[in-house]
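Encoded as structure tokens, the structure appears first; notes follow it.
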Amino acid sequence: MRATIRDVAREAGVSIATVSRVMRESDGVRAATRERVLDAARTLEFVPSHLGRQLAERRHAANGIVFPDLSGPYYAEVVLGYESVAGELGRSVLILSTRGRDDAEAAVEAMAERCDGLVILGRTVSNRTVERLAARGANIVLVARPPVGGVDSVTARNRGSARALTEHLLDLGARRLVFVGDPSTSPDVGERLRGVREALVPRSEVVIHHVDHLDEQAGARLVGDYLTRALPDAFVCANDELALGMLRRLRAAGVDIPGRVMVTGWDDVMAAEYAGLTTVRQPMRDLGATAARLLDELISGARAHPRHEVLPTELVIRSTTLGKDTP
């Protein structure tokens, strides 16, 4: 099997980023370290891949971003934050949506060959693909996804804020909660569910209601199911879009909110304020902007060690839980 950049890094006792800088003949690597890397490459008969040669020669002035779906405010805000910083850095941006693609893994690998680096948002491709690209020398930053090996990552604080949100509901007397979302398709949603469960007290429970899409239509459809049976004390939605769809349907049916049922969201999109929605505000544009800066550091060889950034989130209490907006 042909040696990879990861093998060279292991043999030389340095990071993959350092090997990449040596192969690019970048500054900032001590002479002794450079010689150790070159000796390891010769020993292993390391031959840079087509992708590796392109990265070393800096043939592109483009970054790529891979995301599940551009519909909805969350992904749009993250991409806008990413594009803004990439533009300031003089880079064009290639975008790839994997929703509905059977060839997502191959499409991401093909994009990597046309870019100096990639930002991968959410669970769009497998960990194996991420590891394979990193081993070939690709510069990668993960967003809204747990770290994979030595690959950079940017996430928002999910678990702790979900605990705080749940404690708020429990303090208001809620005991039967329905969590709306699918933790199997999103690491962020999975962390939010963990936070909810950690906050539960005796005689309280949470039921998971899986939905195919995290949009307003799915939220409205779900309410239709509950209007024919007992409503819970609170719906804890994985994002604001679901919650806004539920609010519209509940209010149309004359359900008292929050007297009969409380509703919460996540993200704090613009419409959430006008709807009086209790939610968790996360820095969507900052997620994309931070990823763009981390990627530029990798491409330029400004640092050798991976970074894992966790951005703060904030509980925002409004009328869908308290009955009136708080100051």
Fill in: Conditions (1) outside any strand (DSSP E or B); (2) buried (at least 22 other Cβ atoms within 10 Å of the Cβ); (3) within 17 Å of the chain's Cα centre (by Cα); number of the one not met by Gly137
(3)
Worksheet item: Quick one: in the range 143-153, which of the residues that are under 17 Å from Ile16 (Cα atoms) and in contact (Cβ under 8 Å) with a residue 40 or more places away in the chain is surrounded by the most Cβ atoms within 10 Å (Cβ to Cβ)?
Response: Asp152
Practice prompt. Please go through the range 63-81 and pick out each residue that is part of a helix (DSSP H, G or I) and of a type outside the set (D, E, K, R).
Written response: Pro73, Tyr74, Tyr75, Ala76, Val78, Val79, Leu80, Gly81
Worksheet entry | Single match in Glu167, Glu198, Glu191 (criterion: surrounded by fewer than 18 Cβ atoms within 10 Å (Cβ to Cβ), touching a Lys or Arg at 6+ places or on another chain (Cβ under 6 Å) and assigned to a helix (DSSP H, G or I)) | Glu198
Discussion item. Being at pLDDT 95 or above and within 25 Å of Ile120 (Cβ to Cβ) is true for just one of Val148, Val207, Val141. Which residue is that?
Written reply: Val141
Worksheet item: Taking the condition of a type in the set (S, T, N, Q), farther than 30 Å from Gly117 by Cα, assigned to a helix (DSSP H, G or I) and in contact with a strand residue (DSSP E or B) (Cβ under 9 Å, 6 or more places away or on another chain), does Thr290 pass?
Response: no
Discussion item. I'm trying to understand the selection: among the residues of the range 113-123, which are surrounded by fewer than 24 Cβ atoms within 10 Å (Cβ to Cβ) and either under 13 Å from the mean Cα position of the chain (by Cα) or among the aliphatic types (A, V, I, L, M) (or both)?
Written reply: Gly122, Arg123
Worksheet, complete the sentence: Exception for Leu222 within (1) in a loop (DSSP other than H, G, I, E, B); (2) touching a His at 6+ places or on another chain (Cβ under 9 Å) falls at (1)
Worksheet item: Residues of the range 224-261 being farther than 23 Å from Ser161 by Cβ and surrounded by 23 or more Cβ atoms within 10 Å (Cβ to Cβ), which ones?
Response: Leu250
Practice prompt. Of the numbered conditions (1) at pLDDT 90 or above; (2) in a helix (DSSP H, G or I), Val119 fails exactly one; give the number of that condition.
Written response: (2)
Worksheet item: Among the residues of the range 274-287, is there at least one that is surrounded by 21 or more Cβ atoms within 10 Å (Cβ to Cβ), in the same structural domain as Glu191 (by TED's automatic domain parsing), touching a strand residue (DSSP E or B) at 6+ places or on another chain (Cβ under 8 Å) and farther than 30 Å from Tyr82 by Cβ?
Response: no
Worksheet item: under 22 Å from Arg281 (Cβ atoms), touching a residue at least 60 places away in the same chain (Cβ under 8 Å) and among the small types (Gly, Ala, Ser): does that describe Ala199?
Response: no
Worksheet item: So Gly254 fits all but one of (1) assigned to a loop (DSSP other than H, G, I, E, B); (2) free of Cβ contacts under 8 Å to residues at least 24 places away in the same chain; (3) not assigned by TED's automatic domain parsing to the domain that holds Leu172; what number is the exception?
Response: (3)
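The values are calculated or read from the model by the stated rules, or taken from the named source; none is laboratory data. All figures in this text were calculated on a predicted structure; none of them were measured in a lab. A quick note on method: Cβ atoms are made from the backbone with ideal geometry, for glycine too, and the neighbour counts reach across all protein chains shown.
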